[in-house]
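The structure under discussion appears below in the form of structure tokens.
Read-outs throughout are calculated quantities, based only on the coordinates presented, and are distinct from any laboratory measurement. Keep in mind the model is a prediction, meaning the values are calculated, not measured. Cβ coordinates were reconstructed from backbone atoms using ideal geometry, including for glycine residues, and neighbour counts include every protein chain displayed.
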């Protein structure tokens, strides 16, 4: 999903490569809300066809609502591996809700393909769509009255995995849309939706009810949590981070100054690495790694052959744990997460010396758990490093 218009070659190439698994080729369908004003009739396909791993690219222009039921269009979409929404009016795309076209796009994603776009097509890929069907609302207008007729939504169209209760917004910094997003977030929460994001280099979270959000009165909402996503960085919607956000508010319709930057409430910098101490081959002799709390880095080595390292860690009920272990080429290691009684809750057992291991787990009870790193084959003096993160759910 791109904030601005046009195909961004780098992100499209990444999507294509992820879908095809690094080999083979795939087919792309471009859905346009209007014909280009000038130049090529298929500007998106012109870019897409220059990328590796693309077999074909077909453009369909939606001129009337009935086009969403076109049998040939839907056949093309269902056979594609990526659907790119291109240009124009998000209201025209929103009119496809409940049609054969919506079902066809969902079928592409369901079998491992992708959907995306930029600008208006970026909006349409969030489950709560600011559809602009009554006209465009600006950042100065929306906080003044979040129930202005221009603040209108289409809901329940696409619902992609790990992307619940999301609002996308586009042209974000260039058109100064942070305070508009704040109003959309607050309005959606007031109408009964719990968590809303806008992603165009920024993620804005509203996690409580507004202090004031009623028709014909200015918005008051204190403490939006905002994450600034640097170029090349990622944001995990499946496990939202508990660190790195700064706070901004809207009071009586007036947004706080400097909406686009601020000191984080809590740094995401991991604590100093925690290094194992032998003997720790059993749970009874496990290294106490309950402090520092995640994010944390655990290091050690598997030597001699058959070595098993145990770390005691602590999670609270509902907390998600994400573990990644970088394994040196000296040996093949497996990673297990055990409960207090020693039963395996989840594991990562990828074959091959030097193969990294990763696992995720959500705690059902508060207490001590054990991370076990075991030498499946081989041994050596080279160290492994396990990164333990526990993002907020």
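Given 5 Å bins starting at zero, what is the percent of C-alpha pairs of the stretch 314-393 in each, up to the one with the largest pair distance?
3, 16, 27, 22, 15, 11, 5, 1
Under a GNM of the chain (C-alpha, springs under 10 Å), which listed residue has the highest mean-square fluctuation: 310, 84, 123?
310
Across the chain, how large is the tail of the calculated P(r) beyond 26 Å, expressed as a percent of all Cα pairs?
Roughly 61 percent, rounded to a whole number.
Please report Rg (one decimal) and Dmax (integer) in Å for the Cα set of the stretch 241-281.
Just the Cα atoms of the stretch 241-281 yield Rg and Dmax of 19.0, 61 Å.
Within the P(r) computed for the stretch 78-147, what percentage of the Cα pairs occupies the region above 18 Å?
Looking at the stretch 78-147, the distances longer than 18 Å represent 44 percent of pairs.
Counting alpha carbon pairs within less than 8 Å and at least 6 residues apart, what relative contact order, in whole percent, applies to the stretch 274-389?
Computed over the stretch 274-389, the figure is 37 percent.
Any idea what diffusion coefficient the stretch 237-340 gets from Stokes-Einstein, in µm²/s, Kirkwood Rh on alpha carbon pairs, 10 °C, 1.306 mPa s?
It diffuses with D of about 93 µm²/s by this estimate.
Let me have the relative contact order for the chain, percent, based on Cα pairs under 8 Å that are six or more residues apart.
Result for the chain is 11 percent.
Using the number of other C-beta atoms within 10 angstrom as an exposure proxy, rank 371, 247 with the fewest first.
247, 371
Can you tell me the length gained on complete extension of the stretch residue 159 to residue 257, counting 0.36 nm per residue apart and subtracting the Cα distance?
In short, 31.9 nm is gained.
Translational D (Stokes-Einstein, µm²/s) of the stretch 49-115 at 20 °C and 1.002 mPa s when Rh comes from the Kirkwood sum over C-alpha pairs?
171 µm²/s
Could you put 329, 96 in order, starting from the residue whose Cβ has the fewest other Cβ atoms within 10 Å?
329, 96
Can you pull the one-decimal nm distance between simple spin-label points at residue 326 and residue 75, each 7 Å off the Cα toward Cβ?
Going by the 7 Å Cα→Cβ label model, 5.2 nm.
Residues in the stretch 70-90 near a label at residue 4, defined as backbone nitrogen under 19 Å from the 7 Å Cα→Cβ point?
It comes to 85-89, nothing else.
Note down the nm distance, to one decimal, between modelled labels 7 Å out along Cα→Cβ at residue 50 and at residue 243.
My value for the distance between the label points is 4.0 nm.
How much mean residue ellipticity at 222 nm does the chain get from its helices, if each DSSP H run of length 4 or more adds -39500 (n - 2.57) and you divide by all residues, to the nearest 500 deg cm²/dmol?
Estimated from H runs of four or more residues: -4500 deg cm²/dmol.
For the chain, set up a Gaussian network in which alpha carbons nearer than 10 Å are linked by springs, and say which option among 184, 219, 73 fluctuates the most.
Of 184, 219, 73, the most mobile in the Gaussian network model is 73.
Could you check the spin-label model distance between residue 217 and residue 339? Points 7 Å from the Cα along Cα→Cβ, value in nm.
Taking the simple label geometry, residue 217 and residue 339 are separated by 4.9 nm.
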